[in-house]
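A.B. asks: Let me begin by handing over the structure; questions about it come next.
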Amino acid sequence: MTFFTTIFTFLPDLPAIIIITPLLASLLAAASGLFNRKTPFLIAAAALFISFISSIILIMQVVETGIVIEYRMAGWAAPMGIVYIIDHLSALILLVITSAAFLNFISNRKNIETEFRNKEGAFNSLYLLFTSGLIGMTATGDAFNLYVLMEIASLSGYALIGLGSNRSPLATLNYLFLGTIGATFYLLGVGYLYIATGSLNIADIASIIPTMMNSSIILFAFIICMAGLLIKMAIFPLHGWLPNAYSDCSNVSAGLIAPLTTKVTIYIMIRICLTLFSPEYTFNYLKISEFMVWLAIITIFFGSLSALAQKDYKRMLCYIIIAEVGYMVGGFFLGNRIGISGAILHIVNDAAMTLALFMAAGIFLWKTGEDSRDSLKGMFGKMPFTMAGFTLAALSVVGVPPTCGFFSKWYLISGGIAAGQYMFVAALIFSSLVNAVLFFRILEIAHFEPFKEHNHDHVYHHSHNTLLHHHQDHHDEHYETTKHNGVVKEAPLEMLIPFIAVSIMLVILGLYSGTIVANIIDFVIPAAII
Amino acid sequence: MIIPIDLIILVLIIISAIAAITVSDLLSSAIILGAYSFFLCLLWTVMGAVDVAFTEATVGAGVSTVFCVAAIFHTTRRTKD
Amino acid sequence: MEQILSFIAAKANYWAYVILLMVGLYAMIVKNNLVKKIVGMVIFQTAVILFYVSIGYKTGGTIPIIIYGDGHNSIIEPAAKAVDYINPLPHVLMLTAIVVGVATLGVALALAIKVYQEYGTLEEDEINKKIRA
Amino acid sequence: MKTLGQITVLFCGGLLLFFTSDFPDFGDANSPASLHLSPYFIENTLKDTAVPNVVTAILADYRGYDTMFETTVILTAGLACFLLLRIPKREVKSRYYLHEPTGVTLRFEGDKYPQKSDVFKRIDSNWVPYDLIINFTCRLLIHFIQIFALYVVAHGHYSPGGGFQGGVVLGASVILFAISGNLRAAIKRFGEKTAALFSAAGVFIYAGTGALCMMIGEHFLNYNFLSPLLGTDRIMARSHGIFIVEIGVAVTVMAVMIWIYYNLSSAGKQDEGL
Amino acid sequence: MLMETVFSIKPVFAVLISLLAIPGIISSRTQNIRETWTLVAAGIKLLIILSMLPLILDGKVVSFTLFQVFPDIGISFRVDAFGMLFALVASSLWIVTSIYSIGYMRSLDEHSQTRYFSFFAAAISATIGVAFSANLLTLYIFYEILSLATFPLVTHHQDKEARSSGRKYLFYILGGSIGFALPAMMITYHFTGTLDFAPHGVMAGHINSGLALMISMMFLFGFAKVGIMPMHSWLPAAMVAPTPVSALLHAVAVVKVGAFSVVRVFTGIIGTSVLADFNISTIVCVIASFTIIIASLIALSQDELKRRLAFSTIGQLSYIVLGVALLSKSGMTGGMLHIAMHAFGKITLFFCAGAIFCATGVKYISQMKGIGRRMPITMTAFLIGSLSVVGFPPCGGFISKWYLVLGTIESGNLIFLFVLLGSSFLNAAYFFPVFYNAFFCSEDQMLFEDKVEEAPLWCVVPLVITASISILLFFYPQPFLKLASLAVSTIMGG
C-alpha cells in the first residue's frame, strides 16, 4: 500500500525522474566504482530499470489521456524556463531509448567486467550519462537545452567508443571533430532562431515563425540546423565517421550507441521539422523534400553497396545503419502521412533490429573471441537459440514478414508510391535484396560450414594494449573455450534472455504495428499532412 | 577619426586565430590560442558580457592552454603544417 | 568616413564571427596535424560564442547586474528597465557553451594522446600510412 | 582534401556572410532578441530571486536545469579522460632520484630505489632544476588565488563570477601548484580518488538539491520549496538555493579540472608529468 | 451471391497447431515422443479442418482477424471453398508424409532430425496459413514464412550441393517475392486501397490495361513457387532435399502454395473481368502452355528419377494456371481440382522414388532395370501415380484433366486443347520408360545387392494409401469437386 502511495506521489514528477534517476545513479556509480567493482553495475541496472518503468508509465499515461504532459523545470513556465514535453512521439522514443539501454546493459555484465577492468565505475557512469543525455534530448522542449544534452550524449559517447581496438582512438577523434561540427552548427542554428525570434523555447519559436515566414534568417537557421543534424546522423556525404567509430569500439558501447544515436538524431530532425518549423514551412514553403529524398536514395544505395563489400560483421552492420538512416530521412521527407508514419515506425523498429544485431555480435564475440564473418561457422548447431534470434533480426532487416522491418518498410514504400517517388521505392527494394544477400551469406556460413575451433590467444584485441597485461591473466576464465564440437553450448543465460526478448519483440512489434500507428503515431503527425 | 576599440580587438582576434593554425610549432600554437582567448575576453568585457569574459579568462586562456601544453608535452611539438 | 565606419561597426562582429568560424572549419578539414585540428575546433566553437554575445549587445546598455540591487542601499530601488541593460540570456547560454568547449577540448586531447601512443605521430597522413602498412 | 576543404570553407563562409546582411545591427536595442524574453529577466529577476546579477539568476534558477547538465558535461569530460587515458600502476623500469645534499641525479633500476629517504628525492625523468623565483612566487600566490576563488563563488550573486569561474580558479590553483612543483606533490595533496569523489559530489549537490525540491514540493530544482528548510521566505530561498548549487558547480569544476590535468599531463600514468 | 460469414477462431488453431507442436518436438527426449508430437499435431489439424468442412459445403465462410497490422489491413483468416480444398489436401497429405518421413529418416539414420521435424511443422503451418488467408498481406506473410521454413529442409544435408541448391532456391523464391510480388502488392494497395480477397476481384475500375498487365505478370513471376518458366529452375535444384521433403513440399505444399497464390490473386484481387477485358488471360495462357510443353520435353531427357518428376511437376502446375486463365467455368473447376488430383498422384510418385532410394540407393532410371519384380507394391503404386498424372482413367487425374479439356472447348481456344492433349502424350512418354525398365527389362545383377526387398513398412504404407486414394478419387471426387464448383460459382457467378 505504502509502495503504491509513494509511486503515485511521484507520478507528476515522472518526466523529471526518468532522466534524473540515471543522472544521480551515474554519480553514485562513479563514486562507488572507486571502492567496489560490483556495485556500479547494480546501481546502474537499477537506475535504468526505473527509467524503463517510468517510460512505460509515461507512454501509458499519454496514450490513455491523450494529453501532452508538460513539466516545468525549476518551476518556471515555458518561454522563461525550461520545460519538458512528453507527447506521443517523445514518449514512444523514450520507451525505445530506455528499453534498449536497459536490455543491452543487463546482457553485457560480463563483457563490461572483462573489457573495462578496474574502470567499471567510470564506464557504467558514462553509460548512464549517455542514456540520460538521449532521454533529455528526446523530452526537452527547449532548443538550447537540447544542445547541452546533445553534448552530454556526444561526450560520453566519445568516451564509450574511444576504448576498443587499436584504431578506435583515431576513429573516435574523427567522430569527435565531425560531431563537434554538427553540434556547433546546431547551436549556430539556434542562435539564428534566437536572433530572429528572441526565444529559445521550441513551442514559443514555433508560434512566432509563421509571422516571419519569408525571413532569410529563419531560412538559414533551418539550413544550418539541418546541416548539423545531418552530419550527426551520418547521411551519405557526411557519413565517413560512422563505420570506423562504431566498428572499432567495444560491443557494449556499440550495442548502446549504434541503435540509438542515429535514431535519436532523426527524431530530433523530425521534431525540428514538424514542431519547431511547421510542416507548412518544411514541406510547402521550402521545397527541399525532393532534394532530401534524393539524398536519402543515394545514402541507401551507397550504404547497401558498401555493406556488400565488407568482410567484418560489425562494419557491415555499420553500413546497414547508414542505409537505414536513408530510409528514415527519405520516408520523412516524402511529406505525406503514410511516409512519415513509416519513418517514425522505422525509428522504433530499426532501433530494435540494430540492438538485436549488435547484441548478437556481443554474444558471438563472447563465445568465439572474433569479429569476422568466418567465426560464425557452424553456429547453428552450437547455439541454436542465439542463431534463431539472430535469424529473426536478420529477417527483420531484410524486411520479411511478420517481423517488424516488413511493416515499416511497407509504410515507407506505400508512402513513396503515394508521393510518386518511385526511385525511393526502388532504392528500398534494392536495399532489401542486398540485405537479403548479406545476411544470407552469414547464415549460410553458420548453417553449412563445420564448426571451427577458436583459439583465444591472439584474438581478443578489444583490450587496449595498455591494459593487456591485465587481460591475459584472466583470459581463460572469462572466455569459454568452445571445443566440444557438435554439442549445443549456448551463451550464458543473462546474455541470452535479453537477446531472445529483443528478438521476440521484433515479431511482436511487427504484429502490433497497426496498433502503434493508430494509437501513437497518428497523433504525432499534424492534421495538415495528408 | 576614432576607431572603436572593439574593431581593433576584432582584428587582433582574427590575426591570432590565423596565427594559431599556421605556426608550425604546436607549443606556440597553444600559447597563441591562449592569447586569442585573452583577446576574446577583452572583447567581451568591452561588449559588457562580464561573466562570459571572466569565464573565458579562466577557462579559455587559463585551463585550456594548460591542457594543450600538457597534451603537447606528452606528444610532440613538431608538425609539418 | 563616419558612415562607413558606423556601417562596419554595425556588422563587423558578424563578419568577424564568420571569418573565425571559417578559420576553425578550415583547420578542422584541411590541417594534417591532429592538435592543429583541435586548435581549429576551439576557434570554431569560440566563433559561435562571439556570435551569441554580439546578439545580446545593446548600445548604451550596461552590464546585466542590476544597479542598487544589493539590498544595502536605503534608497528605494528604482525598477530595472530592460533598455538599460545588456541582454543577459546569450551570456548564460555562452557560459554553457564555453564549458562544453573545454570539456570537448579535454576529451579531444586525451584521444590525441592515445593516438600518439598508438602510432607515434600526430600527422594524419603518416597515421594512415601506418594503418595501411 | 585540401581543395575540397577550401571549397567547402569558401562556400559556407560566403553563405554565412551573405545571410548576415539581414541581421539586426550590432547593438540594436530593438532587435527581437532584446525584446522578447530578456526584458522579463532584467525587470523581474530581483523580484523573483533577489539576485542582482541577472546572469547568475538565469544561470542557476531560470535555466538552472541547463546549468546542471553543463556541470554534468564537465563531469563527463573528467570521466571520459579517466576512462580513455588512465593506466593502472605497473612495473617501472627505472626511476630518477636527486641526492639533495650534493645535487647528483641517480638512476635506479626496478624497485631497488630508496622508499623513504630524507636525502633522496624522486624527480621526473626529464627533470630540469626548479627556478626558485617561480617556485616561491607560485607558493605565495596560491593562497591568494584560492581565497579569491572562494570570493568569486560566494559573491556571484552580486558581481561577475559564480560557481563556475570560482571552481576553475580553484582548480587552477592546484594546477599551478602541480606545474610549479611537481605532479606527485600535487597528487599527494589532492589525490585522484578525492578528485573523482569531489567531481561526483558537486553534481550530486546540484541534482540532489533539485531532487530535494521535487520531493518536498512540486518541480525539480524549484528552490521555493526549500524555504521551510532554510528558514527564509520563498524568494530568499531561491537566492540561497542558487548559492547551494553554485557551490556544487564549483566543487565539480574544481575537481574535474584537476582530474583532467592529472590525466593529461601524465598521459594517464599519474606517476610523473608536466 | 451473398455468403454467410461465421466468426470462429478455428482457422487460427488450424494454422497454429503445428507451430505449437514445435516446442514439444524440440524438448522431446526420445525419437518416439518427438514423432508422437508430430503425428498428434497432424491429426488434430486434420480434425479441425474437417470440422469446418460442413460449414463450407453449406456455402458459408469462416472468418477471424488476429492482428490489425495496418489501420485497414489485418492478419486475418477466411476459409472459403477454394481455401478449404487446398487445406484439405495439404493437411491430409501431411499425416501421410509424416508417417513416411519417420520411416525414411529412421531407415537412413539422418542427422538433425529434431530440426527436420520442427521446420516441417512450421512449413505446414505456413501452408495452411496461405490457404486460409483473408487478404493478400496475410497470404504474403505466410508465403514468406513457408519459403524460409523450407530452406533448412531443402538444405538438410548441409553439403556443397545442398548449399548451392539452397542458394538457388532462396534466390528465386525470395527474389521473386521481394522483387516482384511485394511491389505488385503495394501498387495494388495504392490503387485500390484494399488487399482483401473479393469474389470478383478488387481491381476493376481502378486500373488501366498496361498497369493491370504489369501487376499480373509481377504476381505470376513473383510467386516463383508456381514454377512458371523462366522462374522454374529452383525446383529441380531443390530436389537435393530428402525425399519426404521433396514429396510434401516440392510436389504438394510449396508448389501448390505458388499455384494457389496465383489463382487466388488472379481471381480474388485482379478479378476475372479485368483479366478478360484487358486480354491478360490469353497472355497468361500462352505463358502457361509454353511452360507445359517445354517442361514436358525437358522431363523426357532427365535420367534422375526425382529430376524427371520435378520437371513433370513444373508442367503440371502450369495446367492449374492455364485452367484458371481460360476463364471458363469448367476450366477453372479443372484447374482447382488439379491441385488435389495432382497432389495425390505426384506424392505417390515421390514416395515411390524415396522408397526405391531407401531400399536400393538407386537414383537413376537407367539403373532401375527389373526393379519391379523386387518391389512390386512400390512399382504398382508408381504405375497408379503416373496414370493419375497423365490423366488416365480410372485415376483422379482423369477428372481434373477432363474438366480442363472441357474448359478449353468452352473458352473456344482450341489451340490450348492441343496443348493439353499433346502434353498428355508427352507425360505418358516420360513415364513409360520407368515401368518399362522396372517390369520388362531383365535385372542388371551388378547393380543390386543380393537381397533387395520392399522398403520398410513405414515407407510402403503411405504410398499404398496415397495410390489408393488416387484411384478412389476417380470414383468419388465429391468433396473436392463440390468445393471446386462452389468456389467457381462464387467467382464466376451463378
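The values are calculated or read from the model by the stated rules, or taken from the named source; none is laboratory data. Only a predicted model underlies this, so the values are computations on that prediction, with no experimental measurement involved. Positions of Cβ are backbone-derived with ideal geometry, glycine not excepted, and every protein chain shown enters the neighbour counts.
A.B. asks: Determine, yes or no, whether residue D:246 is touching a helix residue (DSSP H, G or I) at 6+ places or on another chain (Cβ under 9 Å), under 20 Å from residue D:64 (Cα atoms) and at the interface with chain A (Cβ under 10 Å from one of its Cβ atoms).
C.D. replies: Judged against the criteria, residue D:246 is not a match.
A.B. asks: State all residues of the range D:201-243 that are more than 11 Å from every other protein chain (Cβ to nearest Cβ) and touching a Lys or Arg at 6+ places or on another chain (Cβ under 8 Å); if no residue qualifies, say none.
C.D. replies: Within the range D:201-243, D:227, D:235 qualify.
A.B. asks: Okay, next question. Mind checking which residues of the range D:149-185 are farther than 23 Å from residue D:265 by Cβ and either part of a loop (DSSP other than H, G, I, E, B) or at the interface with chain B (Cβ under 9 Å from one of its Cβ atoms) (or both)?
C.D. replies: Answer for the range D:149-185, where residues must be farther than 23 Å from residue D:265 by Cβ and either part of a loop (DSSP other than H, G, I, E, B) or at the interface with chain B (Cβ under 9 Å from one of its Cβ atoms) (or both): D:152, D:155, D:156, D:157, D:158, D:159, D:160, D:161, D:162.
A.B. asks: Here's a follow-up. When residue D:54 is evaluated against the numbered criteria (1) buried (at least 20 other Cβ atoms within 10 Å of the Cβ); (2) more than 7 Å from chain C (Cβ to nearest Cβ); (3) farther than 20 Å from residue D:206 by Cβ, which criterion, by number, is the only one it fails?
C.D. replies: Answer for residue D:54: the failing condition is (2).
A.B. asks: Going by the structure shown, is residue A:160 assigned to a helix (DSSP H, G or I) and surrounded by fewer than 24 Cβ atoms within 10 Å (Cβ to Cβ)?
C.D. replies: no
Each row is one residue, and each column tells you yes or no for (1) within 7 Å of chain C (Cβ to nearest Cβ); (2) in contact with a Pro (Cβ under 6 Å, 6 or more places away or on another chain); (3) closer than 30 Å to residue D:124 by Cβ.
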site	(1), (2), (3)
D:3	no, no, no
D:28	no, no, no
D:36	no, no, no
D:42	yes, no, no
D:75	no, no, yes
D:82	no, no, yes
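A.B. asks: Moving on to the next point. Residue D:141 fails exactly one of the following numbered conditions: (1) over 26 Å from residue A:35 (Cα atoms); (2) within 13 Å of chain B (Cβ to nearest Cβ). What is the number of that condition?
C.D. replies: That leaves (2) as the condition not met.
A.B. asks: Evaluate the range A:509-524: report whether one residue or more is assigned to a loop (DSSP other than H, G, I, E, B) and surrounded by 15 or more Cβ atoms within 10 Å (Cβ to Cβ).
C.D. replies: Looking through the range A:509-524, at least one residue is assigned to a loop (DSSP other than H, G, I, E, B) and surrounded by 15 or more Cβ atoms within 10 Å (Cβ to Cβ).
A.B. asks: For the range A:278-289, does any single residue satisfy the condition of being in a helix (DSSP H, G or I), within 21 Å of the chain's Cα centre (by Cα) and among the hydrophobic types (A, V, I, L, M, F, W, C)?
C.D. replies: Within the range A:278-289 (the criterion being in a helix (DSSP H, G or I), within 21 Å of the chain's Cα centre (by Cα) and among the hydrophobic types (A, V, I, L, M, F, W, C)), the answer is no, since none of the residues qualifies.
A.B. asks: Let me ask another. Scanning for something within 11 Å of chain D (Cβ to nearest Cβ) and not in a helix (DSSP H, G or I), does the range B:34-44 turn up at least one residue?
C.D. replies: Looking for residues that are within 11 Å of chain D (Cβ to nearest Cβ) and not in a helix (DSSP H, G or I), one finds none in the range B:34-44, hence no.
A.B. asks: Determine, yes or no, whether residue D:194 is out of contact with any Gly (no Cβ under 6 Å at 6 or more places or on another chain), part of a loop (DSSP other than H, G, I, E, B) and β-branched (Val, Ile, Thr).
C.D. replies: Considered against the rule, which asks whether it is out of contact with any Gly (no Cβ under 6 Å at 6 or more places or on another chain), part of a loop (DSSP other than H, G, I, E, B) and β-branched (Val, Ile, Thr), residue D:194 comes out as no.
A.B. asks: Which residues, taken from the range C:68-112, are farther than 28 Å from residue D:83 by Cβ, at pLDDT 80 or above and at the interface with chain D (Cβ under 7 Å from one of its Cβ atoms)?
C.D. replies: C:85, C:87, C:88, C:89, C:91, C:92
A.B. asks: Still on this structure, please answer the following. Just one of (1) buried (at least 18 other Cβ atoms within 10 Å of the Cβ); (2) within 23 Å of the chain's Cα centre (by Cα); (3) among the hydrophobic types (A, V, I, L, M, F, W, C) trips up residue A:73, so point out which.
C.D. replies: So residue A:73 meets the others, but not (2).
A.B. asks: Ok, one more. What residue, of A:203, A:227, A:254, is farther than 28 Å from residue D:40 by Cα, touching a strand residue (DSSP E or B) at 6+ places or on another chain (Cβ under 9 Å) and part of a helix (DSSP H, G or I)?
C.D. replies: Answer to the selection: A:254.
A.B. asks: Of all residues in the range E:34-65, which are among the hydrophobic types (A, V, I, L, M, F, W, C) and closer than 23 Å to residue E:192 by Cα?
C.D. replies: E:64
A.B. asks: In the set C:36, C:31, C:58, which member is at pLDDT 90 or above and at the interface with another protein chain (Cβ under 7 Å from one of its Cβ atoms)?
C.D. replies: Going through C:36, C:31, C:58 in turn, just one is at pLDDT 90 or above and at the interface with another protein chain (Cβ under 7 Å from one of its Cβ atoms): C:36.
A.B. asks: On the given criteria, is residue B:13 crowded, with 24+ Cβ neighbours inside 10 Å and of a type in the set (Val, Ile, Thr)?
C.D. replies: In short, yes.
A.B. asks: Can you pull out the residues in the range E:79-118 that are among the charged types (D, E, K, R) and surrounded by fewer than 21 Cβ atoms within 10 Å (Cβ to Cβ)?
C.D. replies: E:106, E:109, E:110, E:115
A.B. asks: Would you say residue D:139 is exposed (fewer than 14 other Cβ atoms within 10 Å of the Cβ) and at pLDDT 80 or above?
C.D. replies: Here the answer is yes, as residue D:139 does meet what is asked.
A.B. asks: Next up: So residue D:138 passes all but one of these: (1) in contact with a Leu (Cβ under 7 Å, 6 or more places away or on another chain); (2) within 23 Å of residue D:48 (Cβ to Cβ). Which condition number does it fail?
C.D. replies: Of everything listed in (1) in contact with a Leu (Cβ under 7 Å, 6 or more places away or on another chain); (2) within 23 Å of residue D:48 (Cβ to Cβ), residue D:138 misses just condition (2).
A.B. asks: For the range A:386-429, name all the residues that are in a helix (DSSP H, G or I), within 20 Å of residue A:359 (Cα to Cα) and polar (S, T, N, Q).
C.D. replies: A:386, A:391, A:396
A.B. asks: Which residue is nearest to the other protein chains (Cβ to nearest Cβ), if the candidates are limited to the range A:21-35 and must be in contact (Cβ under 8 Å) with a residue 24 or more places away in the chain and not in a helix (DSSP H, G or I)?
C.D. replies: Within the range A:21-35, the match that is nearest to the other protein chains (Cβ to nearest Cβ) is A:34.
A.B. asks: Another question about this same structure. Restricting attention to the range A:383-441, which residues are of a type in the set (Val, Ile, Thr), in contact with an Asp or Glu (Cβ under 9 Å, 6 or more places away or on another chain) and closer than 23 Å to residue A:339 by Cα?
C.D. replies: Within the range A:383-441, A:397, A:400 qualify.
A.B. asks: Kindly indicate the residue of the range C:85-133 that is touching a residue at least 40 places away in the same chain (Cβ under 8 Å) and of a type in the set (Val, Ile, Thr) and also farthest from residue D:161 (Cα to Cα) among those meeting that condition.
C.D. replies: C:115
A.B. asks: Another one. Return a yes/no flag: does the range B:49-68 have any residue that is crowded, with 24+ Cβ neighbours inside 10 Å and part of a loop (DSSP other than H, G, I, E, B).
C.D. replies: Scanning the range B:49-68 turns up at least one residue that is crowded, with 24+ Cβ neighbours inside 10 Å and part of a loop (DSSP other than H, G, I, E, B).
A.B. asks: Restricting the search to the range E:476-494, which residues are assigned to a helix (DSSP H, G or I), of a type in the set (Gly, Ala, Ser) and within 13 Å of residue E:267 (Cα to Cα)?
C.D. replies: Within the range E:476-494, E:487, E:489 meet the criteria.
A.B. asks: Taking residue E:263 as meeting all but one of (1) over 24 Å from residue E:175 (Cβ atoms); (2) not in a loop (DSSP other than H, G, I, E, B), write down the number of the exception.
C.D. replies: (1)
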